[in-house]
Amino acid sequence: MCKQEKFEELSTKYGGEFATLMKHSRYNGPVIFFDLRLSHLEALKIPNSEEKIMPLIEMLDFFIRGYEQMNSFILCDDVSLCRFYSTNQICKLLSAKNPKPEFMWHNIFPMSEFHSFLPSEVHMNFPLAEWYACHGNAFSCMRFKEIPKSYFKYGTEIVGVENYLPEIMYFLMENIKNGYYPHVIYPCLYKTERAVPGFQPKVVYWHRDIQPMDWEEDKAPEKVRYPHATH
């Protein structure tokens, strides 16, 4: 797990590549994608792309966890290197091993595991930490053993996780908002105001009837309060 010192060390070597990658990250609906596939890195004219993938993943992991930026996906050619970040409640809905029939439609990552990042205040309280990890709304990172190449929506095949996951997340977020999962908390866009040096989180409203809004790094005030997703 990348720490502050490690992030700064990597920044001296790969800061330019990281900034380019951040600039070209994009929201597709309610999911923000950081594309580390070789074809994309080469299109960005990043030299020796393959040897930079692991350092860039470490830096992205630090950035995403630093802001607890919801619904972030690190997209790689190697499935085992892909990451999805959201709350553990959402990760469970996407990866339930034995889902209830009403959850089958969004059970797309059964071959995955996820790790919850617990708040520091619960670390010394084992029962509370256990509850928080199992039932609370802790920020989590999902790792994959396999990712389906496509997904069928009303009989139409949607190819590529970067295309079908946003569609699934739209339905999932709407169902959470409408109270279909009474114990699942509708997450904010990001959960913390801790800073990552030199970068700001990207923010967009998650629902189709709201116009997307990005904050550009050079225009964002130092202490701006980013809006949460609207219900």
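The values are calculated or read from the model by the stated rules, or taken from the named source; none is laboratory data. Note that the structure is a prediction, hence the values are computed from the model and not measured. So basically every Cβ, Gly included, is an ideal-geometry build from the backbone, and we count neighbours across all protein chains shown. The area values use the complete protein model at the heavy-atom level, side chains included, leaving out ligands, DNA and RNA. Shrake-Rupley method; radii C 1.70, N 1.55, O 1.52, S 1.80 Å.
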Exercise. Amide H to amide H, which residues 5 or more places from Ile158 or on other chains are under 5 Å from it, using H placed in the peptide plane?
Worked result: Tyr151, Phe152, Lys153
For this session: May I ask for the Kirkwood hydrodynamic radius of segment 143-193, worked out over all distinct Cα pairs and given in angstroms to one decimal?
Result: 12.9
Exercise. For segment 1-153, what % of the accessible area comes from carbon and sulfur atoms, probe 1.4 Å?
Worked result: 55
Exercise. How large is the accessible surface per residue of segment 11-102, computed with a 1.4 Å probe and reported in Å² as a whole number?
Worked result: 39
Exercise. For segment 29-75, what's the relative contact order in percent, using C-alpha pairs closer than 8 Å and at least 6 residues apart?
Worked result: 66
For this session: About the Cα centre of segment 1-72, how large is the charge dipole given +1 on each Lys and Arg Cβ and -1 on each Asp and Glu Cβ? Please answer in debye to the nearest 20.
Result: 200
Exercise. Given Lys149/Lys202; Lys153/Lys202; Lys3/Lys149, which pairs have Cα atoms separated by over 31 Å?
Worked result: Lys3/Lys149
For this session: Starting with the highest mean, order 14-22, 173-181, 42-50 by the number of other Cβ atoms within 10 Å, averaged over the residues of each peptide.
Result: 14-22, 173-181, 42-50
